[in-house]
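Below is one structure, written out as structure tokens; comments come after it.
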2 protein chains.
Amino acid sequence: MVSHYSEFSAKLNVHVLFLQVCEWKEPEQLALLLDLELRATGESQHRLLQRVEDVAKYSIKTSHPRFFNQLFAGVDYHALAGRFLTEALNTNLYTYEVAPVFVLMELEVLRGLRQLVGWTEGDGLFCPGGSISNMYAMNLARYQLFPEVKSQGLWGLPRLTIFTSIESHYSVKKGAAFLGIGTDNIILVKVDDGGRMIPEDLDEKIKLAKSQGAVPLLVSCTAGTTVQGAFDPLDHIADVCEKHKLWMHVDAAWGGSVLFSKQHRHLMKGVERANSVAWNPHKMLTAGLQCSALLLQDTTNLLKKCHSANATYLFQQDKFYDVNLDLGDKSIQCSRKVDCVKLWLMWKAVGSSGLAKRVDRPEFVNVCFWFIPPSIRGKEGNKDYQDRLAKVAPVIKERMIKEGTMMVGYQPLGNKVNFFRMVVFSPLLSQKDMDFFLDEIERLGKDL
Amino acid sequence: MVSHYSEFSAKLNVHVLFLQVCEWKEPEQLALLLDLELRATGESQHRLLQRVEDVAKYSIKTSHPRFFNQLFAGVDYHALAGRFLTEALNTNLYTYEVAPVFVLMELEVLRGLRQLVGWTEGDGLFCPGGSISNMYAMNLARYQLFPEVKSQGLWGLPRLTIFTSIESHYSVKKGAAFLGIGTDNIILVKVDDGGRMIPEDLDEKIKLAKSQGAVPLLVSCTAGTTVQGAFDPLDHIADVCEKHKLWMHVDAAWGGSVLFSKQHRHLMKGVERANSVAWNPHKMLTAGLQCSALLLQDTTNLLKKCHSANATYLFQQDKFYDVNLDLGDKSIQCSRKVDCVKLWLMWKAVGSSGLAKRVDRPEFVNVCFWFIPPSIRGKEGNKDYQDRLAKVAPVIKERMIKEGTMMVGYQPLGNKVNFFRMVVFSPLLSQKDMDFFLDEIERLGKDL
């Protein structure tokens, strides 16, 4: 299957090279072209087919080998088959009776992922994205420490604090706000030159928070930061969490897939000491949006105790089968989309070894760089050098999108002005694409 | 298109009548049959195709006309085409640059839905299910009243209370727990014989809460309760909300689709006075799981102010296009699935008038009834009558699933013991199916 897959990829690669990554239109123009308005009467089949073509034409080709813009790219054809199957069967993961195959499959896929973390037992759930997985971890940590929060809310509790590095994902902030904890109660821990959390600083900040009367709740480590792709030193952080008895969560939405690789899994050494892990196979494994797993070491049914509402119309206790197979009451959702099939089918198709190869293939993943245009080369000492450099990436990005030849993201970070972050892992990517990329950046920025 | 659709439906109907709704296997047996285990090596194409067949074979046929089990059923073929397109294009709704077509389309679909609510302006978002839409409403109400909650959390705030009817959906409970408000701070309002919230009782309970020092925050009305399909009297509730200055949310996950129907939209009279509405077109409109819209009357950008985290790597402010088109910072998610295409394409195909017909078609929707087996008929006066009746539905349900002929849910409600709730709206459903259903219940329960 691996060779079949590569062959198929190669064919598609030839095909997509003729396509633009995008066909830019100004929003007003695009809205007109698409004729989006919804009317009282229906349309002919012919017209509808044209609409489908237009949607595809003006959409971004995220599977194009030169789409380097996000932490997802490429499509796996087995996963895509699994996704079509999911859509056609149109069911819901809340009870075994309406999703017998998918309930058992989700449990098995979660078991497989937990095994890679290093846990023989545990719990988990597929969630609509890593941000919500991270929120679950916060809610579980809070419930474990203060079970009364579920019924009484936060009012009777001491102020809780969450620790994460300054380069962690913004969802930690969103989660703290949503859960009523507040963004001020996130304490940002320093990172080293490589963007990795400094455990000594974590330890000090925990002590400081305690001395100020707060109750430290959870440390959210990052395995694969969004911009630089850094891995926090999990083993050292686990020591600090153990010492202070804090819930250790690992946001491995981006980096988790290294666990498939013998060569790279050392990056997450210590992950088995965590309480929870968020891992998005829709990113590096190209399982397709969305596929995001929350994994737990817990074996005490914490997930269900924390989230259950015991709705009698759905989770009747007098059913004729084992009602533990009704997964819905573990979730904050009622309807929950089936996100396991795509990963299961892809995993069956290429095996763990095939998935390991995909992780091992790229030499780099997050490649961060500045393009220094000719006009400021060698002028690092000039007063306006940083200001001028900051304006380079946005202009090159605009030109790139308007020509549609490729897509790559940029951002500032700390005291570093706008730089490109090229995400390199698409299975369709060739040496030729990389050469094209470098030449194109040069071409688009040579007059700046 | 409508006639084409019906013809297609008719053909499929003939086809599916030969299929079971389900092919029951005990979980252990099913796990063996499916061979779910994930291994190191990949498998042949032939084997994978067999797996796809098995997944379909043992999955519940939720599009079978005799699937009456949930508030979703049936598949619209235009929506399904939209779903396949979504999967193939595999992108993410957070920025205009990676989803130009879908950003504009989501805005247009939300505009169309808001128009049906009665709002010419406003805001909104597609969410992963109605439960999460309801949580957004709570968080928005909280933020509007106390913007400092985002940074400081709930500690400095007075105790907040939420009002909803005793027959509202369990997601209100889950939301209060998740947001740190606590389930004890949900105050349950009485319903009338039809299951509709009693506005006078709401008014009294709000006053009582105030007198106890709490701050009433939000009323979550239900338009289409889960079990009985009741519609709360929105206009009267709006009066109470106005009087006490509370956020009025309408959980119209199930019932919202009546807004398409001239005949039935009176059920939601007053909805235009709400602050927010949650509406799931994946239910009665058969747009496919998941398609859930949160609609807001607000025009002050509350959604973004409440949820933004201003991540510089994603929402750069020096982009060359209008960054208001980057919708991601309105959301608690980072990756957000594209859920608008299926609804847009279906709406284009049949028009608002076609969707109205689907809503008008069924005479009943939630049909709740007891099957009284021969052995207890006429024995309503017996002491054990209720106990014996309560055991009837679970047994019939077990037999029904094991034979696979049809699926319908049951539950108790208040002092009513287990009764069936038949959800009748599938576009594939015929008179013949209804006759079959009645005969089959009789056959399955005649010896009880």
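At-a-glance table
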{"item": "Residue in region B:188-204 that is at pLDDT 95 or above and within 12 Å of chain A (Cβ to nearest Cβ) present", "result": "no"}
{"item": "Selected residue (only one of B:Ser276, B:Ser261 is open to solvent by less than 40 Å² (accessible area, probe 1.4 Å), within 14 Å of chain A (Cβ to nearest Cβ), out of contact with any Lys or Arg (no Cβ under 7 Å at 6 or more places or on another chain) and closer than 15 Å to B:Leu113 by Cα)", "result": "B:Ser261"}
{"item": "In region B:290-333, residue least open to solvent (accessible area, probe 1.4 Å) [restricted to those that are β-branched (Val, Ile, Thr) and modelled with pLDDT of 95 or more]", "result": "B:Ile332"}
{"item": "Leading residue by the ranking (farthest from the other protein chains (Cβ to nearest Cβ)) among those in region A:372-412 that are of a type in the set (A, V, I, L, M) and assigned to a loop (DSSP other than H, G, I, E, B)", "result": "A:Ile372"}
{"item": "Per-region count, region A:132-155, residues open to solvent by 10 Å² or more (accessible area, probe 1.4 Å) and more than 23 Å from B:Leu140 (Cα to Cα)", "result": "6"}
{"item": "Any hit, region B:50-64, residues being closer than 30 Å to A:Tyr313 by Cα, of a type in the set (S, T, N, Q) and more than 20 Å from the chain's Cα centre (by Cα)", "result": "yes"}
{"item": "Qualifying positions in region A:374-394 - within 19 Å of A:Glu442 (Cβ to Cβ) and open to solvent by 50 Å² or more (accessible area, probe 1.4 Å)", "result": "A:Pro374, A:Arg377, A:Gly378, A:Lys379, A:Arg388, A:Lys391"}
{"item": "Residue ID - most open to solvent (accessible area, probe 1.4 Å), chosen from residues in region B:200-216 that are free of Cβ contacts under 8 Å to residues at least 24 places away in the same chain and under 29 Å from the mean Cα position of the chain (by Cα)", "result": "B:Glu200"}
{"item": "Failed item, numbered, when B:Ser168 is tested on (1) in a loop (DSSP other than H, G, I, E, B); (2) over 17 Å from B:Cys241 (Cβ atoms); (3) open to solvent by 20 Å² or more (accessible area, probe 1.4 Å)", "result": "(2)"}
{"item": "Hey, A:Ala40 out of contact with any Gly (no Cβ under 8 Å at 6 or more places or on another chain) and either among the β-branched types (Val, Ile, Thr) or free of Cβ contacts under 8 Å to residues at least 12 places away in the same chain (or both) or not", "result": "no"}
{"item": "Cβ-Cβ under 8 Å pairs, at least 6 apart or on other chains, region A:338-352 side within 8 Å of another protein chain (Cβ to nearest Cβ) and at positive phi, far side surrounded by fewer than 24 Cβ atoms within 10 Å (Cβ to Cβ) and of a type in the set (D, E, K, R)", "result": "A:Gly351/B:Arg39; A:Gly351/B:Glu43"}
{"item": "Filter pass, B:Gly122 being over 23 Å from B:Thr226 (Cα atoms) and either more than 7 Å from chain A (Cβ to nearest Cβ) or crowded, with 24+ Cβ neighbours inside 10 Å (or both)", "result": "yes"}
{"item": "Residue within region B:248-261 that is within 25 Å of the chain's Cα centre (by Cα) and closer than 30 Å to B:Val98 by Cβ present", "result": "yes"}
{"item": "Those residues of region B:231-243 which are touching a residue at least 40 places away in the same chain (Cβ under 8 Å) and open to solvent by 10 Å² or more (accessible area, probe 1.4 Å), in sequence order", "result": "B:Asp239, B:Val240, B:Lys243"}
{"item": "Flag if A:Leu267 is within 20 Å of the chain's Cα centre (by Cα), hydrophobic (A, V, I, L, M, F, W, C) and under 29 Å from B:Asp35 (Cα atoms)", "result": "no"}
{"item": "Total residues in region B:77-109, condition at the interface with chain A (Cβ under 8 Å from one of its Cβ atoms), of a type in the set (A, V, I, L, M), open to solvent by 10 Å² or more (accessible area, probe 1.4 Å) and more than 30 Å from B:Arg421 (Cα to Cα)", "result": "5"}
{"item": "Near pairs, Cβ below 7 angstrom, 6+ apart or cross-chain, from region B:18-36 (among the small types (Gly, Ala, Ser)) to any residue that is open to solvent by 40 Å² or more (accessible area, probe 1.4 Å)", "result": "none"}
{"item": "Enumerated helices (runs of 4 or more DSSP H) restricted to region A:92-163, each holding at least 1 residues that are under 21 Å from B:Gly129 (Cα atoms)", "result": "A:100-117, A:130-145"}
{"item": "Total residues in region B:128-183, condition in contact with a Cys (Cβ under 6 Å, 6 or more places away or on another chain), of a type outside the set (S, T, N, Q) and more than 10 Å from chain A (Cβ to nearest Cβ)", "result": "1"}
{"item": "Selection from region A:413-428 of residues that are open to solvent by less than 20 Å² (accessible area, probe 1.4 Å) and in a loop (DSSP other than H, G, I, E, B)", "result": "A:Val424, A:Phe425, A:Ser426, A:Leu428"}
{"item": "Condition check for A:Val52: among the hydrophobic types (A, V, I, L, M, F, W, C), open to solvent by 10 Å² or more (accessible area, probe 1.4 Å) and facing chain B (nearest Cβ under 8 Å)", "result": "yes"}
{"item": "Region B:344-368: number of residues that are among the basic types (Lys, Arg), crowded, with 20+ Cβ neighbours inside 10 Å and in contact with a Ser or Thr (Cβ under 9 Å, 6 or more places away or on another chain)", "result": "1"}
{"item": "Tabulated pairs, region B:421-448, first in contact (Cβ under 8 Å) with a residue 24 or more places away in the chain, second open to solvent by 70 Å² or more (accessible area, probe 1.4 Å), C-beta under 6 angstrom, 6+ apart or interchain", "result": "B:Val424/B:Phe364; B:Leu444/B:Arg399"}
{"item": "Options B:Leu80, B:Leu113, B:Leu93: the member that is over 22 Å from B:Ala356 (Cα atoms) and touching a helix residue (DSSP H, G or I) at 6+ places or on another chain (Cβ under 9 Å)", "result": "B:Leu93"}
{"item": "A:Leu325 vs. criteria aliphatic (A, V, I, L, M) and within 11 Å of chain B (Cβ to nearest Cβ)", "result": "yes"}
{"item": "Whichever residue in region A:55-76 is touching a residue at least 12 places away in the same chain (Cβ under 8 Å) and part of a helix (DSSP H, G or I) and, among such residues, is surrounded by the most Cβ atoms within 10 Å (Cβ to Cβ)", "result": "A:Val55"}
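The values are calculated or read from the model by the stated rules, or taken from the named source; none is laboratory data. These numbers were taken from a predicted model, which means no experiment stands behind them. FYI the Cβ positions are ideal-geometry reconstructions off the backbone, even for glycines, and counts take in every protein chain you see. Remember, those area values only see protein heavy atoms, side chains included, never the ligands or the DNA or RNA. Shrake-Rupley method; radii C 1.70, N 1.55, O 1.52, S 1.80 Å.
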